[in-house]
């Protein structure tokens, strides 16, 4: 399982996560911040648990590229 | 001499209050993203806008919202939201770099200031932006002679902004300079994917570097390893020449700085501007101001490009050259208004009679005083230590959100 979390409040809207993992991230036109698609929120942390192992690499690249380091990606 | 507006940075309420208490004519600040300090952990939120406006209006201080990053399509909606909320909160103007922000602010009927990132270096560009803005920051790389020519042309050709008044020129007066052309930099984007132009500068230029010829492996001999880190700008020693260049607004850099930095720098420049206006500006006063400015964060001082130097002066260290630093002692507990006494709980370090202490807080700002006498756990004593309750006579009110620091000498690394 791939677990992705996004600490959305700290996002500065740079768009890199969307460029690297367009199937998982999208920029919100409402507030200009990144949205982790199909995620669930708990105390400001948005989490997506997916059984699709193929999404790991793109999301991991997005996490590495994030200038404010608010994305974490784990594979279990 | 025309009146010069002193513009202060405000990264949070502590600094905002410090600016107001020390004589700023205007303040500039950012709200979360889309400003050049977007990465900073301390930043105002949209909910703070009305409080910022309220505190500043009470003192007749103008308020400027910085919205000066590069803007992407997905930002356009939040740009409009920010401008609308700023307008509703009675914020005076928007500082803009991107044309989309300029247009959005104009459509909302808000005053626009052109950010230094637009890099204005000539009168024709001033005329172009005069269609949209009443105040413009000129490029940081201009000399005062060039600035003066531009202000003279504005007067001569009667270049007016949307308000119908002559365009006002603003320049940076004090604070950090970087190696980038008027703040536009790709260094941290290339090295860490962190765009300075989106407010996420990682300050790579502040580090030590060596230059090596890859073909031969020959390392160039350098006098200083901080080859990309300029000293901080300081103009207080030639403020008469700055004023003579015909500028209207003097901007102090430092939205990431501590409240005592804002307090001291604004106080010095306020006194300097006042002394220019009443004709008492003197070299003796300059020495005193410089000594005060050296006590707070700085990388050493130089005059930027204003006096026409061809080469930059580089910093000799990574951190501050400040001659003083603050050490946390404790927190505010209670204020007794009748007796004008403040009670503090000492949580670290000790406090002695004769110490210079600093109290900072969102409403208190940054206030310094010398401890002349104190009560420790309800008894007269010359020293308070960790765990003690200490009361001091204070010329100002304190709150529970306040922090107490001791000011100590700081050895400057050279």
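Bear in mind that the values in this text are calculations on the coordinates, not laboratory data. Predicted model only: the values in this text are computed from it and were never measured. Note that we place each Cβ from the backbone using ideal geometry, even for glycine, and neighbour counts take in every protein chain shown.
At a 10 Å Cβ-Cβ cut-off, how would you order B:269, B:281, fewest neighbours first? It would help to have the intermediate numbers written out before the result.
Working: B:269 26, B:281 18.
Exposure proxy ranking, most exposed first: B:281, B:269.
Give the span of region B:223-336's Cα atoms along each principal axis, as three whole-Å numbers ordered largest to smallest.
52, 44, 25
Evaluate region B:340-414: find the radius of gyration of its Cα atoms, find its Kirkwood radius, and give the ratio Rg to Rh.
On the way: Rg = 12.5 Å, Rh = 12.8 Å.
Across region B:340-414, the Cα-based Rg/Rh ratio is 0.98.
Could you check the spin-label model distance between residue B:99 and residue B:377? Points 7 Å from the Cα along Cα→Cβ, value in nm.
Going from the residue B:99 label point to the residue B:377 one covers 7.1 nm.
Under a crude label model (7 Å from the Cα following the beta-carbon direction), how far is residue B:208 from residue B:340 in nanometres?
A separation of 5.1 nm, rounded to one decimal place.
For region B:135-258, what relative contact order do you get, as a whole percent, if you take Cα pairs closer than 8 Å and at least 6 residues apart?
Numbers: 167 pairs, mean separation 42.7, N = 124.
Reported relative contact order: 34 percent.
Given region B:1-89, report the % of alpha carbon pairs whose separation exceeds 22 Å. Intermediate results must be reported in sequence, preceding the final value.
Numbers: 1050 of 3916 pairs.
Here the tail beyond 22 Å accounts for 27 percent of pairs.
May I ask you to compute the full-extension gain from residue B:193 to residue B:219, defined as 0.36 nm times their residue separation minus their alpha-carbon distance, rounded to one decimal in nm? Before the final figure, lay out the partial values.
Working: separation 26, 0.36 × 26 = 9.36 nm, distance 2.75 nm.
Taking 0.36 nm per residue and subtracting the Cα distance, the gain is 6.6 nm.
What Rg and what Dmax come out for chain B when only alpha-carbon atoms are used, in angstroms?
22.6, 76
With label points built 7 Å along Cα→Cβ from the Cα atoms of residue A:38 and residue A:75, find their separation and express it in nm.
1.8 nm
I want to verify a result. In a Gaussian network model of chain B, Cα cutoff 10 Å, which of these has the top mean-square fluctuation: B:207, B:380, B:316?
In the Gaussian network model the winner is B:380.
Ignore the peptide's own chain and count Cβ atoms of other chains within 10 Å of each Cβ in B:67-74; give me the average, rounded. Working shown, then result.
Working: counts 0, 0, 3, 0, 2, 5, 4, 12.
Going residue by residue through B:67-74 and averaging, the value is 3.
Could you list B:208, A:43 so that the one with the fewest beta carbons within 10 Å of its beta carbon is first and the one with the most is last?
Working: B:208 13, A:43 5.
Lowest to highest Cβ neighbour count: A:43, B:208.
For chain B, modelled as a Gaussian network with Cα springs under 10 Å, which listed residue fluctuates most, B:375, B:290, B:228?
With Cα springs under 10 Å in chain B, the top fluctuation among B:375, B:290, B:228 is at B:375.
Could you give the spread of the C-alpha atoms of region B:177-256 along their three principal axes, from largest to smallest, in whole angstroms?
51, 31, 19
Considering the convex hull of the alpha carbon atoms of the protein assembly as shown, report its projected area averaged over all viewing directions, in nm², one decimal.
Values: hull surface 112.7 nm².
Computing the convex hull of the Cα atoms and averaging its projections yields 28.2 nm².
How would you rank B:190, B:334, going from fewest to most other Cβ atoms within 10 Å of each one's own Cβ?
By the 10 Å Cβ count, ascending: B:190, B:334.
What percent does the relative contact order of chain A come to when contacts are Cα pairs within less than 8 Å and at least six residues apart?
On the way: 145 pairs, mean separation 35.2, N = 76.
Value for chain A: 46 percent.
Counting each DSSP H run of 4 or more residues in chain B as -39500 (n - 2.57), what helix-only mean residue ellipticity at 222 nm follows after dividing by all residues, to the nearest 500 deg cm²/dmol?
Numbers: 10 runs with 105 residues, N = 414.
The helix contribution divided over chain B gives -7500 deg cm²/dmol.
As a test of understanding, state the convex hull volume per residue of region B:1-151 from its alpha carbons, in Å³. If you can, show how the numbers build up before the last one.
Details: hull volume 18.4 nm³, N = 151.
Roughly 122 Å³ of hull volume per residue.
Taking each residue in B:188-198, count the Cβ atoms of any other chain within 10 Å of its Cβ, then average. What number comes out?
Numbers: counts 1, 2, 0, 0, 2, 6, 8, 5, 0, 1, 6.
Per-residue shielding by partner chains comes out at 3.
For region B:244-291, taking Cα atoms only, what is the radius of gyration to one decimal and the Dmax to the nearest whole Å?
11.9, 33
Quick check: the angle from helix B:259-277's long axis to the longest principal axis of chain B, C-alpha only, nearest 10 degrees?
Helix B:259-277 sits at roughly 60 degrees to that axis.
Can you give me the C-alpha center-to-center distance between region B:272-320 and chain A, rounded to a whole angstrom?
Cα centres, region B:272-320 to chain A: 46 Å.
Build a GNM of chain B with springs between Cα atoms under 10 Å: which of B:284, B:21, B:98 gets the top mean-square fluctuation?
Answer for the Gaussian network model of chain B: B:284.
In degrees from 0 to 90, rounded to the nearest 10, what is the angle of the helix B:283-295 Cα long axis to the longest principal axis of chain B?
70 degrees
Relative contact order of chain B: what whole-number percent is it, with Cα pairs under 8 angstrom and at least 6 residues apart? Numbers along the way, then the final one.
Working: 924 pairs, mean separation 68.8, N = 414.
The normalised contact order for chain B reaches 17 percent.
Taking 0.36 nm per residue of sequence separation and subtracting the Cα-Cα distance, how much length would be gained by fully extending the chain between residue B:348 and residue B:290, in nm to one decimal?
Working: separation 58, 0.36 × 58 = 20.88 nm, distance 3.13 nm.
That pair, residue B:348 and residue B:290, stretches by 17.7 nm at full extension.
Considering the Cα trace of chain A, what is its radius of gyration and what is Dmax, both in angstroms?
11.0, 33
Give me the orientation-averaged projected area of the Cα convex hull of region B:286-414, in nm², one decimal.
Values: hull surface 40.1 nm².
Its average projected convex-hull area is 10.0 nm².
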